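*Asks:* Let me begin by handing over the structure; questions about it come next.
The values are calculated or read from the model by the stated rules, or taken from the named source; none is laboratory data. Being a predicted model, the structure only gives us computed values, none of them experimental. Here the Cβ positions follow ideal geometry from the backbone for every residue, glycine too, while neighbour counts run over all protein chains shown. The area values use the complete protein model at the heavy-atom level, side chains included, leaving out ligands, DNA and RNA. Shrake-Rupley method; radii C 1.70, N 1.55, O 1.52, S 1.80 Å.
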Amino acid sequence: MTWTQQVQGPVFRPGDREFDEETSGFQTAYKHRPAYVVAATGADDVRKALTGAGGLPVAVQATGHGRTVPLDGGVLISTRRMTGLRVDPGRRSAWIEAGVRWQQVITAAAEHGLAPLSGSAPEVGVVGYILGGGLGVLARRYGYAADHVSSIDVAAADGSLRHVTADDDPDLFRELRGAGHGLGVVTAMEIGLVPVTRLYGGGLYVDSPHVPELLEVYRDWTADLPDELTSSVALIPYPDMAGVPELLRGRYAAHVRIAFAGPTAQGERLVAPLRAAVPLLRDTLAELPFTQSASIYNDPAWPHSYGGTNAMLRELDPTVLRDIVELAGPGAPVPCIVQLNHMGGALARPPAVPNAVGHRDAAYLVRVLSVLGDPAAASRAHGRLLDALAPWTVGRSRNFLFGQPWADQAGAVVSGTA
Ligand SMILES: Cc1cc2nc3c(=O)[nH]c(=O)nc-3n(C[C@H](O)[C@H](O)[C@H](O)COP(=O)(O)OP(=O)(O)OC[C@H]3O[C@@H](n4cnc5c(N)ncnc54)[C@H](O)[C@@H]3O)c2cc1C
């Protein structure tokens with residue numbers, strides 16, 4: 001029996017009807033072109049794929065949100081069928097298999113009055129997100145998702161399976177939580193859940209002429225906030241297309257995203273200065289169940305091609321705000337989406353068990369992303385912004401390095417050494 005016959009899940013080759021579907025994902029800029037796709041059904045399939053590969057290059061894909069280096073030849077292990085999930089309300093944890101997306105955990109945890117440390121898009125894969133740290137809806141209150149992992153099952157390149165915890169292999173356990181891409185194929189994890197069922201949150205939308213003023217106000221406002229309040233501002237050239245709210249279509253606007261894990265009345269008091277500072281196009285702040293937390297961000301749900309990079313900043317100098325608007329605002333050479341995340345709070349504190357998430361001294365994170373029409377032009381525009389931010393930059397956030405044109409930076413994500 002050949003190794004492909006020993007695998008329980010299907011194995012696809014180029015030309016098979018399912019090959020394109022199985023290799024595709026959220027990122028459409030470039031494709032994996034493996035010689036084999038192993039559609040793994042469990043850890044044993046992952047083991048057999050790794051041993052069967054016998055030295056050929058191997059890549060792993062859950063959803064394709066973070067695909068960075070496309071595979072040419074070799075074996076792609078597709079984990080999308082590995083969707084096992086068990087919630088343990090007593091331990092406030094969930095055991096998840098490698099193909100589980102956040103939406104599945106959000107729904108299952110809510111039945112027990114719990115929430116995961118998920119991010120803006122529930123379709124993102126849990127494992128890929130946590131391997132890079134995981135900056136979520138409740139980030140300033142609870143820290144990175146990688147700070148709340150108690151065990152990881154991983155298959156090494158030779159196919160050997162290991163159950164990794166803080167006690168039996170502290171070094172590997174540390175690296176897998178925050179610098180884990182490229183350190184083997186994770187087959188399962190036990191992740192922490194938190195007792196959150198409701199939030200006060202949503203978005204404040206501000207029209208283009210008021211964006212510079214809003215950014216100044218946001219900087220002052222974030223100087224003194226409780227950890228329960230996690231927020232960011234996105235500057236977005238909204239496309240004129242279906243799916244975008246009518247009011248925002250074709251418009252350049254800022255979208256302030258608020259998630260407050262506390263009483264609504266307190267949340268309202270905290271956001272009052274922001275609400276009053278500039279005219280608002282739209283205000284969706286309200287109490288909402290955690291299960292609707294994705295509505296705070298409204299990330300695009302359709303697959304597309306994108307590239308992007310980021311800078312974690314020790315402070316938000318006024319020059320930075322001016323540079324963001326000048327270099328990546330409405331007049332940028334290619335349309336750029338800029339996101340400014342307020343860091344600090346629990347993100348700045350070391351976790352109970354040390355991990356590899358870096359740059360905890362960052363007070364803000366600036367992310368820049370472009371839909372890729374002209375990748376080289378986007379790369380140049382993003383590079384100019386990074387250069388301008390360099391004096392304040394303490395490092396890069398691994399989860400927000402997207403795309404082939406940034407392979408020099410993103411390559412570090414693969415080797416786990418950024
Ligand atoms: C729309 C969108 C919203 C996002 N929001 C957030 C956010 O709020 N917070 C945040 O921190 N990040 C966010 N991200 C970034 C995201 O967490 C990373 O891109 C992450 O790597 C995606 O993982 P995935 O499994 O979904 O994607 P995939 O492309 O399937 O995987 C990404 C990489 O992870 C590795 N990987 C995946 N599964 C395994 C495995 N089982 N074993 C070993 N390696 C594996 C592989 O190297 C793979 O190349 C977002 C990305 C997008 C596109």
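*Asks:* As an exercise: evaluate Gln27 against (1) modelled with pLDDT under 95; (2) more than 12 Å from the ligand (Cβ to nearest atom); (3) in contact with a Lys or Arg (Cβ under 6 Å, 6 or more places away or on another chain) and give the number of the one condition it does not meet.
*Replies:* It fails just one condition, (2).
*Asks:* Going by the structure shown, is Thr63 within 14 Å of the ligand (Cβ to nearest atom), open to solvent by less than 50 Å² (accessible area, probe 1.4 Å), of a type in the set (Ser, Thr, Tyr) and in a loop (DSSP other than H, G, I, E, B)?
*Replies:* On the way: within 14 Å of the ligand (Cβ to nearest atom): yes; open to solvent by less than 50 Å² (accessible area, probe 1.4 Å): yes; of a type in the set (Ser, Thr, Tyr): yes; in a loop (DSSP other than H, G, I, E, B): yes.
For Thr63, the condition - within 14 Å of the ligand (Cβ to nearest atom), open to solvent by less than 50 Å² (accessible area, probe 1.4 Å), of a type in the set (Ser, Thr, Tyr) and in a loop (DSSP other than H, G, I, E, B) - is met.
*Asks:* Could I ask something else about it? Looking at (1) within 30 Å of Pro245 (Cβ to Cβ); (2) open to solvent by less than 10 Å² (accessible area, probe 1.4 Å); (3) within 15 Å of the ligand (Cβ to nearest atom); (4) among the hydrophobic types (A, V, I, L, M, F, W, C), which one does Val211 not meet, given that it meets all the others?
*Replies:* For Val211, the exception is condition (3).
*Asks:* I would also like to ask the following. Which helices (runs of 4 or more DSSP H) does region 86-203 wholly contain that include 1 or more residues that are open to solvent by 40 Å² or more (accessible area, probe 1.4 Å)?
*Replies:* Details: elements: 102-110, 126-131, 139-142, 170-176.
Those helices (runs of 4 or more DSSP H) span 102-110, 139-142, 170-176.
*Asks:* (1) among the hydrophobic types (A, V, I, L, M, F, W, C); (2) in contact with a helix residue (DSSP H, G or I) (Cβ under 6 Å, 6 or more places away or on another chain); (3) closer than 22 Å to Arg177 by Cβ: which one isn't true of Val75, the others all being true?
*Replies:* So Val75 meets the others, but not (3).
*Asks:* Still on this structure, I have one more. Output the number of residues of region 47-58 satisfying the condition of being hydrophobic (A, V, I, L, M, F, W, C), open to solvent by 20 Å² or more (accessible area, probe 1.4 Å) and touching a residue at least 24 places away in the same chain (Cβ under 8 Å). Give the derivation first.
*Replies:* Initial filter on region 47-58 (hydrophobic (A, V, I, L, M, F, W, C)): 49-50, 53, 56, 58.
In the following step, the residues that additionally are open to solvent by 20 Å² or more (accessible area, probe 1.4 Å) were identified as 56, 58.
Subsequent filtering for residues that are touching a residue at least 24 places away in the same chain (Cβ under 8 Å) retains 58.
Number of matching residues: 1.
*Asks:* Can you spot a residue in region 196-211 that is over 26 Å from Phe402 (Cβ atoms), among the hydroxyl-bearing types (Ser, Thr, Tyr) and touching an Asp or Glu at 6+ places or on another chain (Cβ under 6 Å)?
*Replies:* yes
*Asks:* Evaluate region 255-270: report whether one residue or more is open to solvent by 30 Å² or more (accessible area, probe 1.4 Å) and closer than 14 Å to Val206 by Cα.
*Replies:* Step one: list which residues in region 255-270 are open to solvent by 30 Å² or more (accessible area, probe 1.4 Å), which gives 263-266, 268-270.
Those still in the list that are closer than 14 Å to Val206 by Cα too: none.
Scanning region 255-270 turns up no residue that is open to solvent by 30 Å² or more (accessible area, probe 1.4 Å) and closer than 14 Å to Val206 by Cα.
*Asks:* Name the one entry in Leu365, Leu372, Leu347, Leu401 that is touching a strand residue (DSSP E or B) at 6+ places or on another chain (Cβ under 7 Å) and at pLDDT 95 or above. Let's see the steps before the verdict.
*Replies:* Values: Leu372 fails: at pLDDT 95 or above; Leu347 fails: touching a strand residue (DSSP E or B) at 6+ places or on another chain (Cβ under 7 Å); Leu401 fails: at pLDDT 95 or above.
Result of the check over Leu365, Leu372, Leu347, Leu401: Leu365.
*Asks:* Would you be able to tell me the number of residues in region 66-85 that are under 23 Å from the mean Cα position of the chain (by Cα) and assigned to a strand (DSSP E or B)? Explain how you work it out, then say what you get.
*Replies:* Keep residues of region 66-85 that are under 23 Å from the mean Cα position of the chain (by Cα), which gives 66-71, 76-85.
Among the residues that remain, those that are also assigned to a strand (DSSP E or B) are: 76-78, 85.
Residues that pass the stated criteria total 4.
*Asks:* Quick check: anything in region 95-103 touching an Asp or Glu at 6+ places or on another chain (Cβ under 6 Å) and more than 16 Å from the ligand (Cβ to nearest atom)? First the steps, then the outcome.
*Replies:* Start the filter on region 95-103 by keeping residues that are touching an Asp or Glu at 6+ places or on another chain (Cβ under 6 Å), which leaves 95, 101.
Filter again for more than 16 Å from the ligand (Cβ to nearest atom), leaving none.
Looking through region 95-103, none of the residues is touching an Asp or Glu at 6+ places or on another chain (Cβ under 6 Å) and more than 16 Å from the ligand (Cβ to nearest atom).
*Asks:* List every residue pair whose Cβ atoms sit under 9 Å apart, with the two residues 6 or more apart in sequence or on different chains, where the first one lies in region 121-144 and is in the same structural domain as Glu228 (by TED's automatic domain parsing) and the second, anywhere, is open to solvent by 20 Å² or more (accessible area, probe 1.4 Å) and part of a helix (DSSP H, G or I).
*Replies:* Sorted first by the residue in region 121-144, then by its partner, the list stays empty.
*Asks:* Which members of region 1-41 meet the condition of being crowded, with 17+ Cβ neighbours inside 10 Å, part of a loop (DSSP other than H, G, I, E, B) and in contact with a His (Cβ under 9 Å, 6 or more places away or on another chain)?
*Replies:* Residues satisfying the conditions are Gly25, Phe26, Ala29.
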